[in-house]
Every structure is written in C-alpha cells, then in structure tokens.
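Notes follow once the structure below has been shown.
The values are calculated or read from the model by the stated rules, or taken from the named source; none is laboratory data. Note that the structure is predicted; figures quoted are calculated from it, not measured. Note that we place each Cβ from the backbone using ideal geometry, even for glycine, and neighbour counts take in every protein chain shown.
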Amino acid sequence: MGRKLLTEHINVEGIDTFEVYRKHGGYRSVEKALKTMTPDEVVEEVKKSGLRGRGGAGFPTGLKWSFLAKPEGVPRYLVCNADESEPGTFKDRQLMSKLPHLLIEGMITSSYALGANTSYIYIRGELLYVLRILEKAIAEAYAAGFLGKNILGSGYDLDLYVHPGGGAYICGEETALLESLEGKRGNPRNKPPFPAVQGLYARPTVVNNVESIAAVPVIVNDGGDEYAKIGVGKSTGTKLISACGHLNKPGIYEIELGVPVEEFIYSDEYCGGIWKGRDLKAVVAGGSSVPILPKELILKTAAGENRLMTYESLSDGGFVTGTMLGSGGFIAMDETTCIVRNTWNFSRFYHHESCGQCSPCREGTGWLEKILHRLEHGHGNERDIDVLASVAKQIEGNTICPLGEAAAWPVSAAIRHFRDEFEWHIRHPQEATRPGAVYPGKAVLA
Amino acid sequence: MAKITFDGIEVDVPDGTTILNAARTIGGGIVPPAMCYYTPLKGSGGKCRACLVRVAAGSAKDPRPMPKLVASCVTPVQDGMVVENTTSEQVLNVRKGIVEMLLINHPLDCPVCDQAGECDLQNFAFEHGVSTTRYEEERRTFEKIDIGPLIQLHMTRCILCYRCVYTADQLTEKRVHGVLGRGDAAEIGTYIENIIDNEFSGNVIDVCPVGALTDKTFRFKQRVWFTKPVNAHRDCENPKCCGKVVLWYKGKDVLRVTARKDQYGEVKEWICNTCRFDKKETSDWTLEGPAHIDRSSVISANHYELPVLNAQVIADLPESSVRDLEQNPPMRLGN
C-alpha cells in the first residue's frame with residue numbers, strides 16, 4: 001500500500017471544517033514556514049522535492065518559482081489553476097471539495113515563498129458548489145488569523161480570493177486564465193512575455209495547479225529531501241490519478257509515482273481490472289489530450305520493459321510508441337470500444353472548446369471533427385485518413401497555446417495505432433455503423 | 001541594438017523590435033506575410049499564424065533553435081538571433097497549411113466581393129497557397145448582421161484577425177462591436193444588434209484584410225482595378241483626423257475615399273467618417289497626384305504615376321530635374 005500524502009485524512013468526518021483539519025495536523029506548514037523559514041528557504045525545499053507541475057505539463061514547480069521576476073515595489077501574484085476541465089480528469093474537484101483547507105494551507109505557504117500578498121484561486125464555473133465550500137473555508141481561515149493582515153504575528157499579509165470562470169476549457173491555459181481573471185475574454189496570450197515576468201495585471205505571476213499547491217504543505221512539513229525519496233528518478237512524490245472508463249473500480253487514487261501500469265489497472269488495491277471480465281483494448285493515460293496507446297504498448301514499452309506510472313516511463317518512446325502522464329486522467333477502454341467513435345468524441349470536445357483566436361486551431365479542430373463524424377457515420381472515403389493525419393500535423397505546434405496540440409495528438413495517435421479500424425469503417429460502413437459493432441481485428445503496433 | 005541574421009541577411013535593429021519589423025527594414029520578398037498584425041494597433045498580431053518563421057538560433061548567448069515556429073510579428077529579436085523564412089522548407093510548408101486553414105471556411109466569393117483586388121487573403125493565397133482543396137465538408141456560414149448604414153459586415157468572409165476590434169478600442173471612446181462566440185463559431189458582431197455609430201468607425205473598413213467589412217457607399221459600384229487612386233487632402237475640422245486620403249476615381253466621379261496605406265497595407269494616419277463618406281466631390285479636396293500602387297497589385301495595371309528614375313544612372317540629367325527629384329523623390333518600385 002502506497003503512502004498517502006495528500007489524501008490521508010480525506011475521509012475523516014468534518015475534515016472540511018477548520019477545527020477538525022487543524023486537529024489532524026493542518027496549517028503546520030504555515031506555522032513552520034512563517035516562523036522559522038525565509039521565503040527563499042521554502043522555494044529551496046520545493047526545488048529539492050523535485051515536485052513537478054500536476055496540471056499536465058510536468059514542469060518542475062521549484063524551477064518555475066525561481067523564474068518569477070522580483071522587481072522592487074511591484075506586487076507579485078500567485079494564481080491557483082482550479083479550472084480542471086480535461087475530459088477524464090477529476091482529481092482537483094475531489095481534493096477541493098473534501099479538503100478545502102489543504103489547498104488554502106498550500107496557497108498561504110506558497111504565497112509566502114513567492115512574496116505574494118494577494119492570491120487567487122481561479123475555479124471552473126461549473127464547480128459552484130466547490131466554490132462555496134472554498135469560500136466557507138477561507139472565511140474560517142481569516143477568522144483563525146491564517147489569512148489577512150499580519151498572519152501569526154509574522155508581519156506577512158495575504159488576501160485570498162476565489163474567482164469562478166465561465167466554464168471554458170481554454171481558461172485552464174495559464175494566460176487565458178489570467179485574461180479571464182482580469183475580466184476579459186479568455187483568449188490565450190502570445191508568449192513571450194511569460195507570466196513569470198508579465199502575468200496578471202502585467203505583474204509577475206505564478207500559476208500552479210491545485211494538486212501542485214496542495215503538495216507544498218507536505219514538502220514544507222517533511223522537508224524536500226524526504227518527499228523526493230518517494231517515486232522513481234525525476235518523478236517524485238505522489239500523484240492523484242482519476243481513473244475512469246471500463247474499470248471494475250474507477251475513482252481517484254493517490255499513488256506513489258513508479259507503480260507499474262499493469263499493477264494500477266489489475267491489482268485490487270487500485271482499479272481491480274477491466275469490467276465484465278473483458279480484455280483491455282487501449283488506454284488514454286493522462287487526460288483526453290495525450291496520445292492513446294493500445295494494450296500492448298501501455299503495459300510494456302516498445303523495448304519490452306514494464307511501463308510505470310511516471311513522467312519518464314509513460315513518455316518512453318516519444319509519441320511513436322509512448323504517451324504522457326499529463327494531468328492523470330486515466331481512461332481505460334475495453335475490447336468493445338470503437339476507437340473511431342472515441343476519437344470523434346474527443347475531437348468534438350476540442351472543436352467546441354477552441355477559443356477561435358488563431359487560425360490553425362479554429363479551422364482545424366472543426367475540420368477534424370467533421371471528417372471523424374463522417375467516418376463514424378459510415379460516409380468516409382479512402383483519402384480521409386491521410387487528410388486527418390495531415391490536418392492534425394498542420395495544427396500541431398503552430399498555434400498560440402497548447403489546445404491545438406491537445407486537439408491534434410489524440411487524432412494522430414489513434415490513426416498511428418488503430419489505422420486498421422479507421423480503414424474498416426471506410427470499407428465496411430454498414431457493418432461498422434451497426435449499433436454495438438465491434439472491430440474484429442487487432443491494433444497496429446508502431 | 002541587436003544584430004540578427006534573417007534569411008542570411010544581417011541587419012541591426014533596436015532592442016525590442018519584432019522579427020517581422022526587422023525583416024521589413026530589409027524589405028523585398030523575404031518579408032513574412034501578415035494578416036492580423038497591424039503596426040499602429042497595439043496588441044494586434046499573433047493570431048493568423050501566417051508570419052510563422054523558424055528561429056534557428058535563439059540568441060548569441062543561447063544559440064539553441066526554438067522548438068516551435070514562432071509568430072514573427074510578436075516575437076522580439078535577440079542579439080545574435082538567426083531566423084529562417086523563405087530559406088526554410090518547413091516554414092513554407094506550414095504557410096501552405098495556414099492558407100488552407102484560412103480558406104476552408106471562406107466563401108471564395110471574390111467575383112462578387114468588393115475587396116477583390118486589394119484583399120490580403122487573396123494575395124496571401126495566391127503567393128503561398130495551393131490551387132486545389134481537400135475540404136469536402138459543409139462550409140460554415142453566419143447570419144447577416146446589420147451594423148448601420150455606412151459599413152457592411154459580411155461575417156462569412158472574416159478571418160478573425162481582431163484588427164477592427166483593436167481599431168475601435170484605440171480610436172473610439174466606446175467600442176460596441178467585438179468577438180462573440182468561440183472556436184469556429186466566433187464572430188464579429190455588435191451586442192443585441194447595435195449599430196456602430198462613431199466618427200472614426202469607418203477606419204475598420206481600411207484595416208480589414210478581407211471583405212468582411214466594406215464600404216456600404218461603395219458597394220457593388222466598381223471593381224477597384226477599374227478605378228484610379230489619387231492622393232488628396234483637406235483641412236478637416238476634426239482634430240483627430242489627418243485629412244490625407246486617397247480618392248478613388250472612375251471618370252470624374254469620386255467613388256470612394258480611403259485613408260492612405262503604406263506598402264504593407266497599413267494605415268498610419270486615420271481619417272474621420274466625414275472625410276470618408278461625405279466628401280465625395282473633387283471640389284472638397286486639394287489633389288496631390290496619383291497615389292502609388294504596388295506593381296504586384298492588379299490595380300496598378302490600369303494606373304499611371306510619376307516616372308521611376310534613378311538619378312545616378314542617368315548621366316546628363318538637367319540640374320533642374322535633379323533638384324526636382326531631390327525635393328520630390330520618385331517612389332520606389334514596391335518589393
């Protein structure tokens with residue numbers, strides 16, 4: 001059984017209230033940081049921990065913090081990205097609704113480390129009930145003197161606000177989030193300048209995922225070195241994985257990074273295998289935007305090694321035979337799943353969520369969806385697969401923000417590994433569009 | 001100052017200059033195309049991705065290449081940067097892709113579009129695109145929105161460059177139009193069918209790179225290449241209006257009035273709606289002479305202008321002519 005660092009007390013009755021949370025060791029990191037550490041020492045601990053951004057990109061958090069520009073007399077901001085909306089990812093919602101004080105504690109400690117006196121939690125618009133939970137918790141923290149002026153007599157001031165978005169996936173992109181927080185249309189900005197130099201209100205800003213910030217109290221309490229002992233190589237600590245799809249026990253699991261994928265899917269401690277006794281067909285390992293992998297490649301790398309739940313192991317083989325850990329949205333598909341339909345569904349999402357600012361993504365996502373829609377409904381033709389692959393390639397890397405890539409990768413990967421199934425849809429449209437039709441062949445291994 | 005190498009040509013530019021503007025100081029065929037960037041409009045650029053270039057070396061300090069192509073219109077130069085535009089196969093291929101993306105939902109109604117002949121998208125597609133299409137799906141269309149008696153909005157032709165939004169933001173007190181909706185359903189419009197009524201609203205026609213915003217008073221009157229552009233000015237009462245315009249003649253009639261554009265199609269000095277829509281008599285204006293039209297434009301086919309001379313290569317040029325040329329230098333042949 002792996003250690004639980006974030007979710008140890010998640011099922012304690014009343015843990016969402018200040019008293020119970022405090023009784024279980026809550027806010028210790030705030031006391032430790034504000035009373036015994038300088039901000040730079042906190043940053044140093046986070047660097048030592050090797051914590052990597054939990055929002056998807058996996059960029060080292062400590063390094064990101066050290067990039068923050070610190071000009072004299074200019075306010076800095078910490079913004080927590082709680083706009084979790086990647087299909088397949090639902091870890092932050094659970095963390096915030098069950099353990100609101102953990103996030104707030106992390107926000108206080110992190111803001112202190114960065115020297116921010118005003119911090120924001122930008123929460124997805126659909127999560128209004130979570131917003132209320134957070135606001136109640138923030139009010140409790142103010143009342144207990146952990147927020148506001150002169151926290152714990154240390155002379156450090158912090159105001160914390162929760163801001164709901166309008167429910168747009170694009171506002172999970174950090175610069176679109178900042179635009180939205182400023183009250184503008186959520187369009188991603190051109191980079192450079194990066195938020196660390198010119199972020200919110202053109203001030204230096206750090207944007208971190210909920211789970212990254214929630215890990216900071218643990219790191220400060222136990223020390224960065226202790227945290228770094230968990231995990232494998234450069235993937236340290238624990239990670240929340242939201243497992244869904246055709247699993248016996250879907251749900252949110254806190255794993256120590258380095259658990260083999262096979263164990264994660266089949267062991268009773270985690271997902272308990274594929275439902276209804278069926279066989280696994282494919283896995284999307286890190287939220288809908290990462291490349292899909294067939295069973296053979298998700299369990300073992302192309303070199304035949306066991307694949308582990310780490311940033312490195314999952315991306316072993318690049319995009320030819322690998323994928324990404326991403327945000328930890330683990331979607332498993334059994335042998336009856338139609339990959340074309342699934343890819344169309346993902347494409348439909350990105351078509352709907354593209355902000356429409358830059359042309360490859362605005363036009364390309366629509367094009368992908370329309371072709372996939374035709375294929376799935378039995379109106380495909382022989383050229384479509386190549387057009388799909390080529391349009392995906394035209395979007396990838398040429399857009400302002402990563403949404404373009406997020407839209408292109410699932411399509412490219414599905415064609416790479418399941419080309420036969422696409423061809424079957426084109427050549428046998430009547431058979432393929434029959435309700436409940438299952439592709440009889442096997443996946444193509446790259 | 002920063003020294004950069006653009007397509008093998010070295011150039012010194014001030015720090016903070018964008019790659020595109022550095023290329024424009026070199027000029028000629030190596031300048032990346034720009035569909036959304038507009039020098040006088042702060043904040044514009046980065047959207048159409050037509051100007052993507054490859055940065056082969058980031059700077060003298062860090063000579064690694066940049067991992068992705070960058071939008072040259074918004075990326076500032078670094079000392080020692082090496083940029084590839086026309087010399088990079090990858091850039092040219094991506095640009096073909098961008099043309100394709102911009103055209104898949106464009107109605108391609110150039111035969112009935114007033115912008116034809118001076119349309120940036122037409123030029124861009126002609127220079128960088130391919131002549132066939134792979135798009136078989138239904139094209140996206142929009143409901144017509146009436147935005148007032150002077151400006152025609154034809155949203156289906158729009159490429160969402162946001163130029164008109166920035167224009168209204170920076171020229172007028174209150175912007176009443178903007179981008180509504182998201183993704184490929186995003187459209188330029190006014191909230192609850194408002195009309196755009198502002199003394200400087202007409203400038204959105206000039207900044208529009210395509211035929212999405214056209215002059216209602218000029219609609220369907222003439223193809224632009226059958227009209228003759230003449231520079232003219234008047235003392236405009238409006239202090240924000242420069243009063244310098246181009247009159248587009250057909251015979252004796254002024255069919256339309258526009259602001260003056262430079263070789264990259266950019267208006268540097270704005271004009272008011274009175275000059276644009278109300279002063280359509282020759283007697284309203286002081287004429288200066290034929291406006292310069294780039295030779296690559298179809299409008300130049302039917303156009304005369306001052307002779308292009310190079311004083312150095314003509315040995316026996318009379319002194320008066322030399323003086324004359326110095327005072328009124330002939331305009332350079334474009335590109």
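Annotations
- For segment A:360-388, the candidate set comprises residues that are hydrophobic (A, V, I, L, M, F, W, C) and facing another protein chain (nearest Cβ under 9 Å); within that set, the residue that is farthest from the chain's Cα centre (by Cα) is A:387.
- Residue satisfying condition, being in contact with a His (Cβ under 9 Å, 6 or more places away or on another chain), under 30 Å from residue A:231 (Cβ atoms) and either crowded, with 22+ Cβ neighbours inside 10 Å or more than 14 Å from chain B (Cβ to nearest Cβ) (or both), within set A:303, A:332: A:332
- Once segment B:1-52 is narrowed to residues that are among the β-branched types (Val, Ile, Thr) and part of a strand (DSSP E or B), the residue that is surrounded by the fewest Cβ atoms within 10 Å (Cβ to Cβ) is B:9.
- Condition check for residue A:343: in contact with a strand residue (DSSP E or B) (Cβ under 9 Å, 6 or more places away or on another chain), touching a residue at least 40 places away in the same chain (Cβ under 8 Å) and not in a helix (DSSP H, G or I): no
- Screening the candidates A:196, A:228, A:202 for the property of being free of Cβ contacts under 8 Å to residues at least 40 places away in the same chain, over 19 Å from the mean Cα position of the chain (by Cα) and surrounded by fewer than 23 Cβ atoms within 10 Å (Cβ to Cβ) yields one hit, A:202.
- Candidates A:244, A:271 - the one that is out of contact with any Cys (no Cβ under 9 Å at 6 or more places or on another chain), outside the structural domain of residue A:110 (by TED's automatic domain parsing), at pLDDT 95 or above and in a loop (DSSP other than H, G, I, E, B): A:271
- Checking A:51, A:34 one by one, the residue that is under 27 Å from the mean Cα position of the chain (by Cα) and not small (Gly, Ala, Ser) is A:51 and no other.
- Filter result for the condition that a residue is touching a Lys or Arg at 6+ places or on another chain (Cβ under 7 Å) and surrounded by fewer than 23 Cβ atoms within 10 Å (Cβ to Cβ), over A:135, A:179: A:179
Condition check ((1) part of a loop (DSSP other than H, G, I, E, B); (2) within 14 Å of chain A (Cβ to nearest Cβ); (3) surrounded by fewer than 20 Cβ atoms within 10 Å (Cβ to Cβ); (4) aromatic (Phe, Trp, Tyr)) across all residues:
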| position | (1), (2), (3), (4) |
| --- | --- |
| B:114 | yes, no, no, no |
| B:117 | yes, no, yes, no |
| B:123 | no, no, yes, no |
| B:127 | no, no, yes, no |
| B:130 | yes, yes, yes, no |
| B:136 | yes, yes, yes, no |
| B:145 | yes, no, yes, no |
| B:160 | yes, yes, no, no |
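- Look at (1) outside any strand (DSSP E or B); (2) closer than 29 Å to residue A:244 by Cβ; (3) free of Cβ contacts under 8 Å to residues at least 60 places away in the same chain and you find that residue A:86 fails only one, number (3).
- Candidates A:82, A:116, A:69: the one that is closer than 25 Å to residue A:289 by Cβ and not basic (Lys, Arg) is A:82.
- Considering segment B:177-195, and only residues there that are surrounded by fewer than 17 Cβ atoms within 10 Å (Cβ to Cβ) and aliphatic (A, V, I, L, M), the residue that is farthest from residue A:351 (Cα to Cα) turns out to be B:195.
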